[in-house]
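S.K.: Sending over a structure as structure tokens; questions will come in a sec.
A short reminder: the numbers here are calculations on the coordinates, not readings from a lab. Fair warning: this is a prediction, and the values are worked out from it, not measured in the lab. Positions of Cβ are backbone-derived with ideal geometry, glycine not excepted, and every protein chain shown enters the neighbour counts.
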There are 2 protein chains.
Amino acid sequence: MKKISRRTIPRTLLYLRTLESLIKEGRYTVSSGELARITGLTDVQIRKDISNFGRVGTPRIGYKTRELKNILKDYVLPENIIRMVLFGAGSLGTAILKYPGFRKQRLKISAAFDKDKRKTGKTINGVKVYPVERAPEVIRKSRVDIGIIAVPSEHGQEVADLMVGSGLKGIVNFAPVSLNLPENVSARDIDLSIEFLALYCDTRM
Amino acid sequence: MKKISRRTIPRTLLYLRTLESLIKEGRYTVSSGELARITGLTDVQIRKDISNFGRVGTPRIGYKTRELKNILKDYVLPENIIRMVLFGAGSLGTAILKYPGFRKQRLKISAAFDKDKRKTGKTINGVKVYPVERAPEVIRKSRVDIGIIAVPSEHGQEVADLMVGSGLKGIVNFAPVSLNLPENVSARDIDLSIEFLALYCDTRM
DNA sequence: TACTGTGAAACGGTTCACAGCC
DNA sequence: GGCTGTGAACCGTTTCACAGTA
């Protein structure tokens with residue numbers, strides 16, 4: 001398996017999303033030019049990205065939607081379901097629990113945790129909310145891959161420590177705080193204020 | 001005003017967030033090395049970024065936290081409040097309306113819109129929910145800068161068209177669909193499935 | 001002809017190595 | 001000595017230009 005450059009991965013996931021919608025529309029083939037028009041990327045970039053996965057297109061015709069989808073899936077999605085746990089069942093946490101479209105992508109939230117006793121014990125969209133103390137036990141029992149932090153920023157680091165201690169190797173952090181993590185744990189920070197402010201700067205240029 | 005490279009902007013916003021927390025702790029100075037340790041970036045990168053804004057540090061001491069904060073703010077934040085509107089008062093929209101920490105960053109959601117009559121008329125966290133039809137009028141009246149899409153993906157494009165028609169120049173899109181937008185409108189797409197899947201790929205490398 | 005695939009050039013951004021300074 | 005500031009080297013990524021092909 002060839003080495004795929006860091007930034008082609010999210011783009012490939014975007015192609016996958018686009019292909020799924022084209023297939024639903026009944027399309028059999030699509031060209032790099034059309035994918036470019038839809039996604040806002042360039043046709044060359046799309047061809048370069050796809051060429052990582054082999055020679056799969058046909059000159060004069062383009063790519064077969066189903067075939068390309070399957071090939072991209074092989075490279076970029078796992079065989080099995082990706083299991084996640086969520087910390088913080090406030091309004092953001094609840095929105096994530098109710099987010100539609102995870103199942104289709106082989107993503108599943110196995111459990112949620114909260115320290116507020118009024119929230120624990122409930123089930124939100126089929127996911128049970130446990131007290132935080134039970135996190136290590138539940139995480140280990142259910143082979144979780146990724147943890148999501150949706151707690152107030154004061155508690156971000158302690159939750160991260162709990163996750164690392166329970167063996168999680170990937171963290172998506174919605175708390176506006178920088179986490180101190182060991183080298184071997186990957187993280188993705190989503191700070192809504194920063195997203196909005198950065199976009200605003202873009203509009204001024 | 002010197003030209004600032006595209007990727008230093010979100011980092012600068014991150015420095016700002018970090019400085020604010022250091023100032024709250026009572027810190028007067030901080031070195032690039034310490035900022036690096038906190039944020040997970042490198043010290044050189046931080047110095048390079050800051051050097052865009054002038055010679056502001058002191059050898060042997062570092063940066064004065066308050067002074068640096070004010071300088072960064074001048075370059076990267078506007079004088080006035082940034083006004084936003086939200087489309088879609090479902091669970092994700094509600095979570096955004098309740099998100100704490102916008103005010104501190106001069107961000108404000110002026111109004112929300114939904115097509116579901118059961119949701120319109122309500123006030124969520126002080127923000128009124130209007131029927132979508134009233135969007136152009138409300139947007140124009142209140143000098144809005146940014147629009148947020150938190151509707152189901154089927155309605156993403158129509159909402160985007162409505163925003164563009166009302167004169168918005170920046171869109172943050174949480175719907176997992178590619179928007180067709182004119183050149184002069186900036187957009188930032190946040191597809192939660194893609195974020196989680198891309199992180200998962202990171203953990204496998 | 002209208003597409004894919006790709007080596008090579010160009011670009012942008014990060015890192016290096018070190019000068020300058022208190 | 002321990003910090004900042006920065007030109008130059010380096011590196012990954014994107015774009016260009018064009019060869020290949022049904």
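S.K.: Taking springs between alpha-carbon atoms closer than 10 angstrom, which of A:Lys117, A:Lys24, A:Lys108 fluctuates most in the Gaussian network model of chain A?
M.R.: Greatest mean-square fluctuation among the candidates belongs to A:Lys24.
S.K.: Using a label position 7 Å from Cα in the Cα→Cβ direction, what is the ascending list of nm distances from A:Thr29 to the same site in the other copies?
M.R.: Here A:Thr29 shows inter-copy label distances of 6.9 nm.
S.K.: Now a separate question. Can you list the residues, at least 5 places off or on another chain, whose amide H is less than 5 Å from the amide H of B:Gly147, using H built in the peptide plane?
M.R.: Those qualifying (amide H under 5 Å, at least 5 residues apart or on another chain) are B:Val85, B:Gly170, B:Ile171, B:Val172.
S.K.: In addition: Run through the DSSP bridge list for the protein assembly as shown and note the antiparallel percent, rounded to the nearest 5.
M.R.: If I count the DSSP bridges inside the protein assembly as shown, around 20 percent turn out antiparallel.
S.K.: So, one more: Which GluC sites (Glu not before Pro) in the stretch A:1-95 pass both tests, a DSSP loop state and at most 14 other beta-carbon atoms within 10 Å?
M.R.: Answer by residue number: A:Glu25, A:Glu79.
S.K.: Mean separation of Cα pairs under 8 Å and 6+ residues apart, divided by the residue count of the stretch B:8-75: what relative contact order is that in percent?
M.R.: After rounding, I find 41 percent.
S.K.: Shifting gears a bit: Search the structure for amide H atoms under 5 Å from the amide H of A:Thr29, placed 1.01 Å from N in the peptide plane, and list their residues when 5 or more places away or on another chain.
M.R.: When sequence neighbours closer than 5 places are left aside, the close amide H contacts are A:Thr65.
S.K.: Here is a follow-up. Working from the pairwise distances between different alpha carbons, so that the mean of 1/r is found and then inverted, what is the stretch B:10-126's Kirkwood radius in Å?
M.R.: Every distinct Cα pair counted, the radius reaches 16.4 Å.
S.K.: Based on the Kirkwood radius over alpha-carbon pairs, what is the Stokes-Einstein translational diffusion coefficient of chain B at 37 °C with 0.692 mPa s viscosity, in µm²/s?
M.R.: Roughly 171 µm²/s, to the nearest whole number.
S.K.: For an R0 of 51 angstrom, estimate the FRET efficiency from the Cβ-Cβ distance between A:Ser21 and B:Glu67 and round to the nearest 0.05.
M.R.: E(calc), rounded to 0.05, equals 0.50.
S.K.: On average over all directions, what projected area in square nanometres does the stretch A:8-76 have, based on the convex hull of its Cα atoms?
M.R.: 3.9
S.K.: Also, quick follow-up: Where in chain A are the DSSP H helices whose alpha-carbon span along the long axis reaches 30 Å or more and whose Kyte-Doolittle mean is at least 0.5?
M.R.: Helices meeting the span and hydropathy rule in chain A: none at all.
S.K.: Kindly provide the GluC sites (Glu not before Pro) of the stretch A:98-199 that DSSP labels as loop, not H, G, I, E or B, and whose Cβ sees at most 14 other Cβ atoms within 10 Å.
M.R.: A:Glu183
S.K.: Next up: Nearest beta-carbon of A to the rotation axis carrying it onto B: which residue, how many whole Å?
M.R.: For the rotation taking chain A to chain B, the closest Cβ gives A:Ala95, 2.
S.K.: If you don't mind, another one. What are the label-to-label distances in nm, one decimal and shortest first, from B:Asp161 to the same spot in the other copies, with labels 7 Å along Cα to Cβ?
M.R.: Nearest to farthest, the other copies are at 5.3 nm.
S.K.: What do you get when you divide the Cα radius of gyration of the stretch B:82-195 by 2.2 N^0.38 Å, with N the number of residues?
M.R.: So the stretch B:82-195 has a normalised radius of gyration of 0.97.
S.K.: How big is the antiparallel share of DSSP beta bridges in the stretch B:82-195, given as a percent to the nearest 5?
M.R.: 10
S.K.: Continuing with the same structure: Rounded to two decimal places and with Rh computed the Kirkwood way over Cα pairs, what is Rg over Rh for the protein assembly as shown?
M.R.: Reported Rg/Rh, Kirkwood definition of Rh: 0.96.
S.K.: Still on this structure: Give me the percent of DSSP beta bridges within chain A that run antiparallel, rounded to the nearest 5.
M.R.: 20
S.K.: On to the next question. Compute the FRET efficiency between B:Lys98 and A:Arg204 as 1/(1 + (r/R0)^6), taking r as their Cβ-Cβ distance and R0 = 22 Å, and round to the nearest 0.05.
M.R.: Calculated value: 0.20.
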